[in-house]
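One structure follows; several queries about it will come next.
The values are calculated or read from the model by the stated rules, or taken from the named source; none is laboratory data. Just so you know, these numbers come straight off a predicted model, no measurement behind them. Cβ coordinates were reconstructed from backbone atoms using ideal geometry, including for glycine residues, and neighbour counts include every protein chain displayed. All accessible areas refer to the heavy atoms of the entire protein, side chains included, with ligands and DNA or RNA removed. Shrake-Rupley method; radii C 1.70, N 1.55, O 1.52, S 1.80 Å.
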Amino acid sequence: MAKEAKTILDLLKEKRVFSPRKDFSENAHVKSESVYKKASRSREAFWEGFAKELDWYKKWRKVLDWKTPHSKWFVGGKINISYNCIDRHINTARKNKAAIIWEGEPGDSRVITYWDLYREVNKFANVLKKLGVKKGDRITIYLPMIPEAAVAMLACARIGAPHSVVFGGFSADSLRDRINDSQAKILITSDGGFRRGSVVPLKKNADEALFGAASIEKVIVVKRVGEKAQIEMKEKRDLWWHELMENAPQYCEPEKMDSEDMLYILYTSGTTGKPKGIVHTTGGYLVGVYATTKWVFDLKEEDTFWCTADIGWVTGHSYIVYGPLANGATSLMYEGAPDYPDRDRFWEIVEKYGVNIFYTAPTAIRVFMKWGEEYPRKHDLSTLRLLGSVGEPINPEAWMWYYVNIGNKKCPIVDTWWQTETGMILITPLPGVTKLKPASATKPFPGIEADVVDENGKSIEVGAGYLVLKSPWPAMLRTIYGDPERYVQQYWSRFPNMYFTGDGAKRDKDGYLWLLGRVDDVMNVAGHRVSTMEVESALVDHPSVAEAAVIGKTDELKGQAISAFVTLKESIKSNSGLVDELKKHVTKKIGAIARPDDIIFTAELPKTRSGKIMRRLLRDIAEGRALGDTTTLADPTIVRQLKDKYEDKEG
Ligand code: WTA
């Protein structure tokens, strides 16, 4: 059991413990473990405490209405999120505080104060209204990491139009599917974006997506790249952002949203080929992200907070936009790649803006490790006081490297476990109180009831099993857009009355949780969720392919890399040109994040007698292990041949 086993073994052997430093604890929002008890005594009162720190038009009648698996939080409450993220701060000393500090890849930058953000969001909300957008209309946002992405999200929230942000790295086909699923009325995009010095052709992708996405009436285009982008504006349909903003009125009354009104849809990969539109609502979501931003990151008034995620993922939604701004913080946003123009770009940014809190993914940390310490050493990182990790299991070596080389052994690391579906961080240290063990996400946040269970849903006190959640939390997804049945099936059917996360976890004798990765057909490639089925359908869509099976194989840098086993149609001969062509085809169908690392042609795939592809065996092959039990196979010779072939290729 090559690498995978090694990481799990490393975890089991990990014995180091780091207690919070006294000076950190003394100044932290949470200084004592008593918060856990207090929250478990009355979960509802606990969350209500945070809700009271926000501004409501009308107070809730009831904190929680729970009819498994459907929850309503802050029932009867009326609130507007853009008001809470902006207006609430402009009558205070925060008025001209930086809300967003933005650094563009080519080196341009912008500082947007709360007052600036207030103006921009109000005006853009009016632009949307003028184009006929009403409460409940869906808006798709397909933008690079530029401030307009946050402005657009907040403007949607202001008028009650749910946004559906599509990551700028997705292809035209993926964008089209997401537009069609949500039946969005407006698409907001840009002429392009910068990535490692070249132009990402967002508008061109959008044009292509719109062949066959009839619900879109208007396309609003932000000018980011200019001349170089060479785009065409389609008359009547395409409108420039800056022209629309010129005459837009300066104030737009925020919509009084019900706590349970939809805030956004965010598509994520599941165990089928079709992405799921995760639905988040207003009141509970805001309370959840507000509370976790404040406590997990120990966020203070003077902090500059940098979450390196893209706004196209949930981490960007909750911890670049909504969580930090609801707290009146300064949120940093960076447009480009970590190695452009050089491998010290992140550390240059930390130094330039005096970043205090830095939140990134293990994949990035492992890449920094590979590049070496010389890059962070070039910069003064002494402003950092807390580090975070998210998106995939972190290994002890990466944790230690981060702790020593970025945190200078003085910054606590919060390894935060959560999902698009959970909306907010659920398993995490509290930096002022939790003793850290490298590579453990430690304990559920106060008020969160997580458990590790066996096949039958029975709790495992010490040992490994399935990670489940046993009671609702405010920012939980409410449903899957347009598919309420799938919501129940997907999350609430595996174990009765429990939310199944799809993750494996181990609990140690101190009650600490160690995340072990997905146990379903979802891969985690460089912190991005990719479904095996989606990649398989993209492959099968190619005219030469008869059948495909895709697995995630352990990868030192990316966590998992994509391996595809492909059988070709009879008349087709395999060749290396075809490997490239298939890789390109998947990139075109889904996006570069889903591009397979290896494609192996095989005459047949290993199947059980009932015709089910044995992915477990494919994983054994790809990871160089001895083959597990092959007795259930219809034809065991296939898998042996395939193993030989794979080893030849590797050798
Ligand atoms: C994985 C990202 C281990 C997990 C916020 C989960 C993690 C999936 C961690 C959700 C962590 C996220 N340790 N694994 N700290 N955080 N994961 O929806 O498998 O993009 O189910 O949300 O990422 O990915 P998603």
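For the chain, what does the relative contact order come out to in percent, with C-alpha contacts under 8 Å and a separation of six or more? It would help to have the intermediate numbers written out before the result.
Details: 1391 pairs, mean separation 89.5, N = 651.
Reported relative contact order: 14 percent.
For segment 559-621, what does the alpha-carbon gyration tensor say about shape, rounded, prolate or oblate, given a ≥ b ≥ c as the root eigenvalues, a/c under 1.5 as rounded, and a/b over b/c as prolate? Present the calculation step by step, with values, prior to reporting the outcome.
Details: a/c = 2.10, a/b = 1.25, b/c = 1.68.
Taking the square roots of the gyration eigenvalues as a ≥ b ≥ c, segment 559-621 is oblate.
Tell me, how many Å apart are the Cα centres for segment 505-543 and for segment 558-590?
With segment 505-543 and segment 558-590 each reduced to a Cα centre, they are spaced 20 Å.
Separate question: In whole angstrom, and with the biggest value first, how far do the Cα coordinates of segment 144-257 range along each principal axis?
41, 30, 29
Mind giving me the nanometre distance, one decimal, between the label points for residue 604 and residue 572, set 7 Å out from Cα along Cα→Cβ?
2.0
So what does the Cα-only Debye profile of segment 405-486 read at q = 0.21 Å⁻¹, as log10 I(q)/I(0), no solvent term?
Ignoring solvent entirely, the Cα scatterers give -1.08.
How large, in percent, is the carbon and sulfur part of the accessible surface of segment 572-611 at a probe radius of 1.4 Å? Don't skip to the end; give the middle numbers.
Working: 1030 of 2100 Å².
Ligands and nucleic acids excluded, carbon and sulfur reach 49 percent.
Under a Cβ-only charge scheme (Lys and Arg +1, Asp and Glu -1), can you give me the dipole magnitude of the chain about the Cα centre, in debye to the nearest 20?
Working: 95 positive and 87 negative charges, 291 e Å.
In total the dipole reaches around 1400 debye.
So, one more: Expected output is a single nm value to one decimal: the length gained when fully extending between residue 91 and residue 370, i.e. 0.36 nm times separation in residues minus the C-alpha distance. What is it?
Working: separation 279, 0.36 × 279 = 100.44 nm, distance 4.71 nm.
Stretched fully, the residue 91-residue 370 segment lengthens by 95.7 nm.
At R0 = 51 Å, how high is the FRET efficiency between residue 180 and residue 461 if r is their beta carbon distance? Nearest 0.05 is fine.
For R0 = 51 Å, the calculated efficiency reads 0.65.
Additional query: Working with all protein chains in place, sort 483, 303 by solvent-accessible area computed with a 1.4 Å probe, largest first. Could you put the intermediate results ahead of the total?
On the way: 483 55, 303 5 Å².
Heavy-atom accessible area, descending, gives 483, 303.
While we're on this one: Would you kindly calculate the mean projected area, averaged across all directions, of the convex hull enclosing the Cα atoms of segment 47-95, in square nanometres?
4.0
Just grab the label-to-label distance for residue 409 and residue 339, each label 7 Å out from Cα along the Cβ direction, in nm (one decimal).
Going by the 7 Å Cα→Cβ label model, 3.0 nm.
Report the extension gain between residue 253 and residue 13 in nm, rounded to one decimal, defined as 0.36 nm multiplied by the number of residues separating them, less their alpha carbon distance. All intermediate terms of the calculation are to be shown ahead of the outcome.
Values: separation 240, 0.36 × 240 = 86.40 nm, distance 5.70 nm.
Additional length available on full extension: 80.7 nm.
How large is the accessible surface of residue 36 in square angstrom, using a 1.4 angstrom probe and rounding to the nearest 10?
Surface accessible to solvent at residue 36 totals approximately 50 Å².
Express the carbon and sulfur contribution to the solvent-accessible surface of segment 283-437 as a percent, rounded to the nearest whole number, probe 1.4 angstrom. Before the final figure, lay out the partial values.
Numbers: 1800 of 3760 Å².
The value for segment 283-437 is 48 percent carbon and sulfur by accessible area.
For segment 53-95, with all protein chains present and a 1.4 Å probe, just round the carbon and sulfur fraction of the accessible area to a whole percent. Write out the running numbers ahead of the final one.
On the way: 990 of 2050 Å².
Reported share for carbon and sulfur atoms: 48 percent.
Can you work out the FRET efficiency for the pair residue 483 and residue 214, with r the C-beta to C-beta distance and R0 = 25 Å, to the nearest 0.05?
Values: r = 21 Å, r/R0 = 0.83.
It comes out at approximately 0.75.
Another question, if that's okay. Run the quick spin-label model on residue 383 and residue 246: label points 7 Å from Cα toward the beta carbon, then report their separation in nm to one decimal.
3.7
Can you report the principal axis dimensions of segment 71-229 using only the alpha carbons, biggest first, rounded to whole angstrom?
Sorted from largest, the Cα extents of segment 71-229 read 44, 40, 31 Å.
Here's a follow-up. Looking at segment 521-634 from every direction and averaging, what is the projected area of its Cα convex hull in nm²?
Values: hull surface 28.7 nm².
Spelled out: convex hull of the Cα atoms, projected over all directions, averaged, 7.2 nm².
Hey, can you find the accessible area per residue of segment 63-154 for me, probe 1.4 Å, expressed in square angstrom?
Numbers: 3030 Å² over 92 residues.
Result: 33 Å² per residue.
Using only DSSP helix segments of four residues or longer, with each worth -39500 (n - 2.57), what per-residue ellipticity at 222 nm results for the chain after dividing by its residue count and rounding to 500?
Numbers: 20 runs with 191 residues, N = 651.
-8500 deg cm²/dmol, from helical runs alone.
About the Cα centre of segment 353-418, what is the dipole size in debye to 20, counting +1 per Lys and Arg Cβ and -1 per Asp and Glu Cβ, all else neutral? Write out the running numbers ahead of the final one.
On the way: 7 positive and 6 negative charges, 34 e Å.
Roughly 160 debye, rounded to the nearest 20.
Per residue, how large is the accessible surface of segment 541-614? Use a 1.4 angstrom probe and give square angstrom.
Numbers: 3490 Å² over 74 residues.
On a per-residue basis, 47 Å².
State the three equivalent ellipsoid semi-axes of segment 1-139, derived from the C-alpha gyration tensor as the square roots of 5 times its eigenvalues, in descending order and whole Å.
On the way: eigenvalues 268, 149, 92 Å².
Whole-Å semi-axes of the equivalent ellipsoid: 37, 27, 21.
If you count the DSSP beta bridges with both ends in the chain, what percent of them are antiparallel, to the nearest 5?
Details: 62 of 101 bridges.
DSSP beta bridges in the chain are roughly 60 percent antiparallel.
Right, next: Would you kindly calculate the translational diffusion coefficient of segment 398-437, applying Stokes-Einstein with the Kirkwood radius from alpha carbon pairs, for 37 °C and a viscosity of 0.692 mPa s, and quote it in µm² s⁻¹ without decimals?
Numbers: Rh = 11.2 Å.
Approximately 292 µm²/s, per Stokes-Einstein.
Using only Cα atoms, what is the ratio of the radius of gyration of segment 270-322 to 2.2 N^0.38 Å? Don't skip to the end; give the middle numbers.
Working: Rg = 13.5 Å, N = 53, 2.2 N^0.38 = 9.9 Å.
This ratio for segment 270-322 stands at 1.36.
Find how much the distance from residue 556 to residue 237 grows on full extension, using 0.36 nm per residue of separation minus their present alpha carbon separation; answer in nm with one decimal.
On the way: separation 319, 0.36 × 319 = 114.84 nm, distance 4.61 nm.
Working it through step by step, the gained length comes to 110.2 nm.
Please report the antiparallel percentage of DSSP beta bridges with both residues in segment 212-305, rounded to the nearest 5.
Numbers: 6 of 9 bridges.
In segment 212-305, DSSP labels about 65 percent of beta bridges as antiparallel.
How far is the Cα center of segment 97-163 from the Cα center of segment 448-473, in Å?
Between the Cα centre of segment 97-163 and that of segment 448-473, the gap is 39 Å.
Jot down the radius of gyration and Dmax of segment 365-441, Cα atoms only, both in angstrom.
Here Rg and the maximum Cα pair distance are 12.9, 39 Å.
Take the eigenvalues of the Cα gyration tensor for segment 440-570, scale each by 5, and report the square roots as semi-axes in whole Å, largest first.
32, 19, 13
Restricting things to Cα coordinates, could you compute the convex hull volume per residue of the chain in Å³? Kindly include the intermediate steps, with their values, before the conclusion.
Details: hull volume 101.8 nm³, N = 651.
It comes to 156 Å³ per residue, whole-number rounded.
So what is the orientation-averaged projected area of segment 209-332, using the convex hull of its C-alpha atoms, in nm²? Kindly include the intermediate steps, with their values, before the conclusion.
Numbers: hull surface 46.8 nm².
Mean orientational projected area (segment 209-332, Cα hull): 11.7 nm².
Then there's this: Just report the Cα centroid separation between segment 407-444 and segment 597-616, whole Å.
Rounded to whole Å, the Cα centres lie 38 Å apart.
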